[in-house]
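Colleague: Dumping the structure here so I can ask a few things about it.
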Amino acid sequence: MSRPERSAEIAALYQELILDHYRRPRNKGTLEKADASVEMKNPLCGDEITLQVAFDRDGIGDCRFSGRGCSISQASASMMTQLVKGKSAEEINALRNRFREMMLGDQNAVTDEKLGSLRALSGVARFPARVKCALLAWNALESALAERST
């Protein structure tokens with residue numbers, strides 16, 4: 001298989017993964033006994049996310065989101081909630097920073113397996129107006145973690 005064919009095949013798989021998370025979001029709904037609840041809105045496009053987090057000793061025990069918006073914002077929230085459950089605040093901050101680097105076009109971040117399914121969103125970096133959509137849930141998570149430390 002030639003490189004352009006392989007690249008097109010990967011892009012199609014990534015697109016399908018994004019649509020799957022959009023159509024069948026993971027961890028969408030209300031979290032009973034949340035320790036933090038953060039609402040974020042992107043006024044430019046109308047995306048909305050409410051992230052609820054239950055903390056454990058040094059990180060996140062559980063999290064859920066609700067909201068509405070484009071496939072990128074909703075898929076990113078779904079993928080993020082799967083990835084951060086059970087992780088320490090330190091691990092989450094490293095993931096958040098790495099994801100942000102990927103959204104800003106860092107090609108090394110695109111291949112970082114620690115990002116898991118979030119790598120499917122790597123193409124968003126080519127569309128600066130959509131980067132805020134992908135980062136919306138992560139910004140909510142950052143605020144939730146900041147609430148915990150105050």
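Colleague: Using the Cα centre of the chain as the reference point, and only Cβ charges (+1 on K/R, -1 on D/E), how large is the resulting charge dipole? Debye, rounded to the nearest 20. Display every interim value, and only then the final one.
Modeller: Values: 22 positive and 20 negative charges, 64 e Å.
It works out to roughly 300 debye.
Colleague: For region 35-150, give the percent of accessible area contributed by carbon and sulfur heavy atoms, probe 1.4 Å, rounded to a whole number.
Modeller: 47 percent
Colleague: Could you pull out the pairs from K33/K114; K28/K85; K41/K87; K41/K114 whose alpha carbons sit more than 22 Å apart here?
Modeller: In this structure, K33/K114; K41/K87; K41/K114 lie more than 22 Å apart at Cα.
Colleague: Right, something else. Can you say what percent of the DSSP beta bridges in the chain, counting only those with both residues inside, are antiparallel? Round to 5. Display every interim value, and only then the final one.
Modeller: Values: 15 of 16 bridges.
Looking only at bridges with both residues in the chain, the antiparallel portion is about 95 percent.
Colleague: Please name whichever of M79, I60, L31 sits farthest to the positive end of the charge dipole of the chain, dipole taken about the Cα centre and charges placed at Cβ: Lys and Arg +1, Asp and Glu -1.
Modeller: M79
Colleague: Which whole-number percentage describes the relative contact order of the chain, with Cα contacts under 8 Å and a sequence gap of 6 or more? If you can, show how the numbers build up before the last one.
Modeller: Values: 230 pairs, mean separation 38.2, N = 150.
Dividing the mean separation by the residue count of the chain yields 25 percent.
Colleague: Just tell me which aspartates and glutamates come within less than 19 Å, Cα to Cα, of K132; anything on the same chain fewer than 8 places away is out.
Modeller: Qualifying aspartates and glutamates at Cα under 19 Å: E39, D47, E48, E101, D106, E142.
The values are calculated or read from the model by the stated rules, or taken from the named source; none is laboratory data. From a predicted model like this one, the values you see are computed outputs, not experimental measurements. Note: ideal-geometry Cβ built from the backbone for every residue, glycine included; neighbour counts use all protein chains shown. Surface areas here come from the heavy atoms of the whole protein model, side chains and all, with no ligands, DNA or RNA. Shrake-Rupley method; radii C 1.70, N 1.55, O 1.52, S 1.80 Å.
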